[in-house]
Amino acid sequence: MPGLDAIRDAVRKFLRLSGPYERAVEEFIRDLQRALLSADVNVRLVFDLTRRIRERALKEKPPPGASRRDWFLKIVYEELVKLFGGDREPEVKPPYTPYVIMLVGVQGSGKTTTAAKLALFYKRMGYKVGLVAADVYRPGAYDQLRQLAERIGVMFYGEPGSRDAVGIATRGVKELKERGANIVIVDTAGRHGYGSEVALLEEMKRMSEAIKPDEVMLVIDAAMGQKSFDLAKRFHEATPIGSIIVTKMDGTAKGGGALSAVAATGAIIKFIGTGEDVEEFEVFNPRRFVSRLLG
Ligand code: GDP
């Protein structure tokens, strides 16, 4: 994450820089803005954040014994954590069962892989998990999910050759629940067979009305960048997004787009994907994430 990595450099510079505190603060804020913008974080978000930091830095007084600079960095840390979901450690345990999760996102984001990772994660928590292959447009999606389900040992439902995504999802959820699944994860299409995004979103909407998922998770690629804001917003309008999974955090991508998706939906990031393997998957932790950013 080269863009966000620059935050760490800005912190080092801030602690080193001699001269008046106010000037160091201004310089740090400029560096922070640059780092966030280069990581594709939404412009409005960046300016709101830095305005809050500046206000607090000028208004609030450091507690006795604390150096002003350390205290300022604590404000920066807190505000960044807030931006990434705050102290709400994401609740990943379903509040009740059976629980239906619908995964949405564009093709190539890693949705199918993520469906399997999520299934394995919940299987290890002791749930009986089922996967439904409702991506009827990407060739190979059915086989890919069927093989993954077999490999990790969870139930599977699909209708090879069928184009009726809404029907497959409906029948799949019903059948897997009947077979005893506590958690059903539905993999959906990321691109519509007829090309248009409107058609895809319309289908997501119809599917979600049909299966009434308990949670819709948006899968986004860490490399998506600034486009994440509009994308997340459009998905959110079609079917309210409850949480976000950011994939490919292991790559060179900056990941800042994820933050824009959070801003666009009000949803929290629950998981991150850190590799191609089904094992490479973690619960998202805002504090750990920000601590890593600040070095
Ligand atoms: P879909 O079209 O959204 O269903 O995407 P796939 O699940 O087929 O994934 C697209 C590509 O991204 C595949 O090559 C996956 O192995 C890869 N991929 C998925 N998640 C991750 C991840 O967290 N890290 C890395 N490095 N690759 C991933």
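What follows draws every value from the coordinates through simple rules; no lab data is involved. Everything numeric here is computed off the predicted structure, so don't read it as measured data. Glycine gets a Cβ as well: all are built from the backbone with ideal geometry, and neighbour counts include every protein chain shown.
Loop only by DSSP, 13 or fewer other Cβ within 10 Å of the Cβ. Give me the chymotrypsin sites (Phe, Trp or Tyr not before Pro) in the range 73-105 that pass, ordered by residue number.
96
Taking the Cα centre of the range 37-80 as origin, sum charge times position over the Cβ atoms of Lys and Arg (+1) and Asp and Glu (-1), and report the length of that vector in debye to the nearest 20.
Numbers: 10 positive and 7 negative charges, 50 e Å.
Magnitude of the dipole: close to 240 debye.
How would you classify the range 167-287 from its alpha-carbon gyration tensor, with a ≥ b ≥ c the square roots of the eigenvalues: rounded for a/c under 1.5, else prolate if a/b is greater than b/c, otherwise oblate?
Cα axes put the range 167-287 in the oblate bin.
Under 10 Å, Cα contacts only: if you run a Gaussian network model on the chain, which one of 89, 60, 203 comes out with the highest mean-square fluctuation?
60
Treating only the Cβ atoms of Lys and Arg (+1) and Asp and Glu (-1) as charged, compute the dipole magnitude of the range 12-117 about its Cα centre; round to the nearest 20 debye.
It works out to roughly 220 debye.
Could you tell me which of rounded, prolate or oblate describes the range 109-218, using a ≥ b ≥ c as the square roots of the eigenvalues of the alpha-carbon gyration tensor, with rounded for a/c under 1.5 and, failing that, prolate when a/b is larger than b/c and oblate otherwise?
Prolate is the answer for the range 109-218, as a/c is 1.5 or above and a/b outweighs b/c.
Tabulate in residue order the Karplus-calculated ³J(HN,Hα) for the range 276-292, using 6.51 cos²θ - 1.76 cosθ + 1.60 with θ = phi - 60°, rounded to whole Hz; enter x for Gly and Pro.
6, 6, 4, 7, 8, 7, 9, 6, 6, 10, x, 5, 5, 4, 6, 4, 5
Once you keep just the Cα pairs under 8 angstrom separated by 6 or more residues, what percentage relative contact order results for the range 98-232?
Here the relative contact order equals 40 percent.
What's the local net charge at residue 88, with K and R +1, D and E -1, over the other residues with C-beta under 13 Å away? All intermediate terms of the calculation are to be shown ahead of the outcome.
Values: positive: 82, 270, 287; negative: 87, 89, 91.
Net charge around residue 88: 0.
Can you list residues from other chains, or at least 5 along the same chain, whose modelled amide H is less than 5 Å from the amide H of residue 100?
Answer set, sorted by chain and number: 184, 214, 215.
What dipole magnitude, in Debye to the nearest 20, does the chain give about its Cα centre under +1 on Lys/Arg Cβ and -1 on Asp/Glu Cβ?
Its charge dipole is roughly 860 debye.
Determine the shape class of the range 183-234: with a ≥ b ≥ c the square roots of the Cα gyration tensor eigenvalues, call it rounded for a/c under 1.5, and otherwise prolate if a/b is greater than b/c, oblate otherwise.
Cα axes put the range 183-234 in the oblate bin.
Would you work out which of 14, 4, 57 lies farthest towards the positive end of the dipole of the range 1-76? Charges go on Cβ: Lys and Arg +1, Asp and Glu -1.
Going by the charge dipole, the pick is 57.
P(r) for the range 1-159, please, calculated from all Cα pair distances in 5 Å bins and given in %.
1, 7, 14, 14, 11, 8, 8, 9, 9, 8, 5, 3, 1, 0
Which peptide among 208-217, 44-53 comes first, and what is the full order, when sorted by highest mean count of other Cβ atoms within 10 Å?
208-217, 44-53
For 7, 75, which order do you get if you count the other beta carbons within 10 Å of each Cβ and list the fewest first?
The order, fewest Cβ neighbours first, is 75, 7.
How much mean residue ellipticity at 222 nm does the chain get from its helices, if each DSSP H run of length 4 or more adds -39500 (n - 2.57) and you divide by all residues, to the nearest 500 deg cm²/dmol?
Counting only the DSSP helices, I get -16500 deg cm²/dmol.
What percent do you get for the relative contact order of the chain when only Cα pairs under 8 Å and 6+ apart count?
On the way: 544 pairs, mean separation 69.2, N = 295.
After rounding, I find 23 percent.
Mind putting together the pair-distance distribution for the chain? All Cα pairs, 5 Å bins, whole percent per bin, short to long.
Final binned percentages: 1, 6, 12, 16, 16, 14, 10, 8, 6, 5, 3, 2, 1, 0.
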